[in-house]
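Accompanying notes for the structure given below.
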Amino acid sequence: MSLPLIFGPYGASAVAVVHMLRRAGANALWFHGFDPEAFDACEKHGVAACVEFPTFRADFRARPELVPIGVDGRPIRYGRLVQGVCLSQHAFLAEIEAALLTGLDAFRPIGIWLDYLTYGGWFEVPDPDLQESCFCPACVAEFCESTGIDADRPGQILAEHADVWRRHKCERIAGYAMHCAKLIRAVNPNCVIGAYMCPWLPDEFDEALTRIFAQDYDLLAPAVDVFTPLIYARKSGRSADWGQAVLEASGGFLPAGRKLQPILDVLDFPESLEAVAVASPPPWGLQVFGGAETFRDADSIAIFSRCVERIRAALAGA
Ligand SMILES: [Zn+2]
């Protein structure tokens, strides 16, 4: 399967500017869920429709049983924004699967990006509150059963079996990604499968990418065509060239044959886009979170268009 090279905004607000995308060099629109209105708009304007499909995210106040359990045996700390759920909550997993199947039945998106495919926490901040999870009895039992390790206390697991515990978590996340990928490919074999990623390099925050969020690029690779790190520089307390730096480090972590397509934040426009546009290797397309504003203003359109042309030229010459 040849992967389409796609550029464009993310967000429902961009539906209103869908007629402006082509002239800015954009050819795709990413939106939340299987949104009929967004599919219609894309179809009408010849733009690739891409779905952001939420997996492990829920309103914990309404669904307290989904909150992962921390090392102290209590629900993890969380604020207004949090992702990840206890993966032993099978009824919730069945709900996600049903939503995916319903969407696949009704629509033919160009791509589906799996979102929140992580263990518990939140990484779009400068000072993340990183907590190990989930140590509920069912998740610990699942760990012991699948690894043959006999340990029941969180402290013991982390002290004596930390590497196996980490690997087990990464395999659970990757296994779920593969489960979704099989469902998607069975119905829509040419659908691009993307995954939104914690944007940290594998060694940052004491290897929190795998240790806390359980996102292992190599384990995810069989399920995922395009990896999309969330490059929200200002929110994360990083400089505007962060996306460029991640791309330039990607040789160290991106599996062979897979693509890196960052999502930038419109709050970082245009500096972040301009930095990514000169990165080597170049990105395989890109998304702009909340990017609708970019397509309303002539100067922004010109910048976006110029950056897309530069990336296309770099990829053609690569
Ligand atoms: Zn659990």
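No lab work stands behind these numbers, since they all come straight from the coordinates. Treat the numbers as computed from the prediction; the structure is a model and nothing was measured. Please note: Cβ atoms are built from the backbone with ideal geometry, for glycine as well, and neighbour counts cover all protein chains shown.
Fewest Cβ neighbours within 10 Å first, please rank Leu219, Leu273, Leu5 accordingly.
Leu5, Leu219, Leu273
How big is the charge dipole of the range 171-254 about its Cα centre, in debye rounded to the nearest 20, if each Lys and Arg gets +1 on its Cβ and each Asp and Glu gets -1 on its Cβ?
420
Would you please classify the overall shape of the range 1-150 from the alpha carbon gyration tensor, given that a ≥ b ≥ c denote the square roots of the eigenvalues, rounded means a/c under 1.5, and beyond that prolate means a/b larger than b/c while oblate covers the rest?
prolate
Could you state the angle between the C-alpha long axis of helix 137-147 and the longest principal axis of the C-alpha atoms of the chain, as a value from 0 to 90 degrees rounded to the nearest 10?
The two axes meet at around 90 degrees.
Give me the angle, in degrees from 0 to 90, between the Cα long axis of helix 36-45 and the longest principal axis of the Cα atoms of the chain, rounded to the nearest 10.
Roughly 30 degrees, rounded to the nearest 10.
Determine the gain in length on full extension of the stretch Ala316-Leu130; use 0.36 nm per residue of separation and subtract their C-alpha separation, reporting nm with one decimal.
Once the chain is fully extended between Ala316 and Leu130, it gains 62.9 nm.
Please report how far the C-alpha centroid of the range 150-177 lies from that of the range 112-134, rounded to the nearest whole angstrom.
Distance between centres, Cα-based: 16 Å.
What is the sum of charges around Leu254, taking Lys and Arg as +1, Asp and Glu as -1, for the other residues whose C-beta is under 14 Å from the C-beta of Leu254?
Neighbourhood net charge equals -2.
With a ≥ b ≥ c the root eigenvalues of the C-alpha gyration tensor of the range 3-53, is it rounded (a/c under 1.5), prolate (a/b larger than b/c) or oblate?
oblate
Can you spot the lysines whose alpha carbon is less than 22 Å from Lys182's alpha carbon? Ignore those fewer than 8 places along the same chain.
Lys169, Lys259
Using DSSP, restrict attention to beta bridges with both residues in the chain and report what percent are antiparallel, rounded to the nearest 5.
Looking only at bridges with both residues in the chain, the antiparallel portion is about 5 percent.
Give me the one-decimal nm value for the distance between modelled label points at Asp59 and Phe253, 7 Å along each residue's Cα-to-Cβ direction.
That separation, rounded to one decimal, is 3.3 nm.
Got a sec? Charge dipole of the range 139-245, +1 on Cβ for Lys and Arg, -1 for Asp and Glu; which of Ser239, Ala151, Ile212 is way out at the positive end?
Working it through, the farthest residue towards the positive pole turns out to be Ser239.
Taking the Cα centre of the chain as origin, work out the dipole magnitude from +1 charges on Lys and Arg Cβ and -1 charges on Asp and Glu Cβ, in debye rounded to 20.
Roughly 680 debye for the chain.
Quick check: Cα centre of the range 13-36 to Cα centre of the range 245-311, how many Å?
Each part reduced to its Cα centre gives a spacing of 16 Å.
Compute the angle between helix 298-317 and the longest alpha-carbon principal axis of the chain, please, reported from 0 to 90 degrees and rounded to the nearest 10.
70
What 222 nm value per residue comes from the helices of the chain, counting each DSSP H run with n ≥ 4 as -39,500 (n - 2.57) and dividing by all residues, nearest 500 deg cm²/dmol?
Helices in the chain give a 222 nm mean residue ellipticity of -11500 deg cm²/dmol.
So if I restrict to the alpha-carbon atoms in the range 174-279, what is the Rg, and what is Dmax, the biggest pairwise distance, in Å?
Gyration radius and largest Cα-Cα distance of the range 174-279: 14.4, 41 Å.
Just add up the charged neighbours of Gly291: K/R +1, D/E -1, any other residue whose Cβ is under 14 Å from the Cβ of Gly291.
Every neighbour counted, the sum reads -4.
Net charge around Thr228, counting only other residues with Cβ within less than 14 Å of its Cβ (Lys, Arg = +1; Asp, Glu = -1)?
-3
Mind running the shape call on the chain? Use the C-alpha gyration tensor, a ≥ b ≥ c as the square roots of the eigenvalues: rounded below 1.5 for a/c, prolate if a/b tops b/c, oblate otherwise.
prolate
Could you give the dipole magnitude of the range 243-318 about its Cα centre, charging the beta-carbon of Lys and Arg +1 and that of Asp and Glu -1, in debye to the nearest 20?
Charge dipole of the range 243-318: 420 debye, to the nearest 20.
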